[in-house]
Amino acid sequence: KQWYQRRVAITAGSPNNTNDYWTTAGLPPMQGFNSFNSFPHVGPYPASQDNKPLQSTASDLDQVTESFSNLKPADGTEPAPAPVESGPKSWAAIASQPAKPKPKPEPAPNTFAMKPGPGGQARMRGGVRWSQSRGAFNQGPDYTNVIDTRPPPPPAVLEKLKSENQYNPRELTMDLKNARYFVIKSYSEDDIHRSIKYNIWTSTEHGNKRLNEAWNDSNKKGPIYLVYSVNGSGHFCGVAEMSSGVDSNICTGVWSQDKWKGKFDVKWIYVKDVPNNQLRHIKLENNDNKPVTNSRDTQEIPRDKGVQLMRIIHDYKHSTSIFDDFGHYEKRQDEDNARKGADRKTWTSSGDNKDSDLPKPKN
């Protein structure tokens with residue numbers, strides 16, 4: 001009975017509605033109802049039972065419902081009783097029902113976690129830095145998508161850099177009163193990694209000219225400090241001191257894009273992530289009173305604001321830095337070198353760019 005009540009459509013009072021049909025297709029055999037025409041007559045039936053419209057009246061509904069009361073499945077079993085509707089509930093009755101309890105989330109594991117996807121995104125790259133890929137850890141079929149989240153050992157080049165440089169000094173011994181300060185904006189964190197690795201930097205042609213003029217004007221009267229931030233990162237990532245003038249006639253070939261020309265030496269002092277909300281209150285009167293966090297590349301910072309900025313960066317207790325992902329950027333540089341090396345072979349074989357400054361891939 002339930003099968004037929006769900007499957008048969010009654011077009012009560014709608015003789016012109018051709019979207020509803022009487023049909024027995026796909027239904028289980030029922031005692032007392034072996035064919036379409038054996039059904040108790042409640043209205044004019046078509047000659048064929050295949051998807052033909054039935055014209056009926058609203059009063060036919062009671063006759064059809066009653067006719068089902070004596071039907072039983074062919075195996076003789078009693079069908080389950082249809083649910084009894086108590087009528088529509090008022091909104092007050094629905095609102096008075098207790099809320100269904102939410103399922104409790106399963107506790108997160110301490111040592112292992114699900115893969116976040118190819119590459120293992122963590123914090124940067126468009127606001128989210130890329131984290132190093134962790135070692136795969138499989139423990140049978142139930143752990144095919146589980147990896148060991150324990151941090152890998154730092155790359156050897158990072159250990160060497162840390163042993164040769166005293167990053168993030170405990171004492172603030174810099175000459176802040178006689179210094180000049182500039183904001184440096186980078187297109188990618190790959191270039192920050194390579195700047196730390198090789199102790200060099202370059203800017204745009206306009207930026208290099210501005211920094212070189214500042215270097216020549218200082219004449220060793222005071223240091224020039226560069227405060228770095230990657231576009232869209234939401235934080236400053238470190239401070240370096242300019243230690244040479246700009247050589248505009250050299251192409252190092254180490255940057256993520258080959259368009260940068262020129263080079264000058266730097267010495268990194270702080271390597272830490274300092275969020276913009278720690279520095280946004282510092283306004284620059286020489287830049288329409290905008291926050292220092294809204295600065296463009298090579299924007300100079302007035303000395304008093306520079307001193308304030310450096311003290312905040314020094315005192316900030318950071319929890320992240322580019323050192324966390326140094327191994328990842330090492331791999332990316334190897335891939336870039338291999339790609340540039342392949343391009344270089346193509347150019348030299350055709351007779352062009354034989355003196356290219358692109359680095360050779362590592363053996």
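Just so you know, all these numbers are worked out from the coordinates, no wet-lab data involved. Source: prediction; values computed, not measured. With ideal geometry, Cβ positions are generated from the backbone for all residues, glycine too; neighbour counts draw on all protein chains shown.
As a calculated quantity, the FRET efficiency between Asn249 and Glu164 at R0 = 25 Å, using C-beta atoms, amounts to about 0.30.
May I ask you to compute the full-extension gain from Tyr187 to Lys220, defined as 0.36 nm times their residue separation minus their alpha-carbon distance, rounded to one decimal in nm? Full extension from Tyr187 to Lys220 adds 8.9 nm.
A simple spin-label model places the labels of Lys283 and Ala95 4.8 nm from each other, with each point 7 Å out along Cα-to-Cβ. Using the Cβ-Cβ distance between Asn199 and Lys305 with R0 set to 30 Å, the FRET efficiency from 1/(1 + (r/R0)^6) comes to roughly 0.65. Note on Asn294 and His206: with the Förster distance fixed at 22 Å, the Cβ-Cβ geometry gives a FRET efficiency of about 0.75. The Cβ shell under 15 Å around Arg180 holds other residues with a net charge of 0, Lys and Arg each +1, Asp and Glu each -1. Here the Kirkwood formula, the inverse mean of 1/r across different C-alpha pairs, assigns the stretch 213-347 a hydrodynamic radius of 17.1 Å. By the equivalent-ellipsoid construction on the alpha carbon gyration tensor, the stretch 245-284 comes out with semi-axes of 30, 13, 12 Å, ordered largest to smallest. Placing dummy labels 7 Å off each Cα toward the beta-carbon, the span from Asp175 to Lys331 is 4.4 nm.
For Ile301, the residues whose amide H sits under 5 Å from its own are Tyr181, Phe182, Val183, ignoring neighbours fewer than 5 places away on the same chain, with H placed 1.01 Å from N. Between Lys317 and Lys104, residue separation times 0.36 nm minus the direct Cα-Cα distance comes to 73.2 nm.
Quick check on the stretch 163-248: of the DSSP beta bridges with both residues there, what percent are antiparallel, nearest 5%? Once the DSSP bridges in the stretch 163-248 are tallied, antiparallel ones form about 40 percent. Kindly identify the stretch 262-316 as rounded, prolate or oblate by the Cα gyration tensor criterion: order the square roots of the eigenvalues as a ≥ b ≥ c, call it rounded if a/c is under 1.5, otherwise compare a/b with b/c, prolate if a/b is larger, else oblate. Oblate, because a/c is 1.5 or more while a/b does not exceed b/c.
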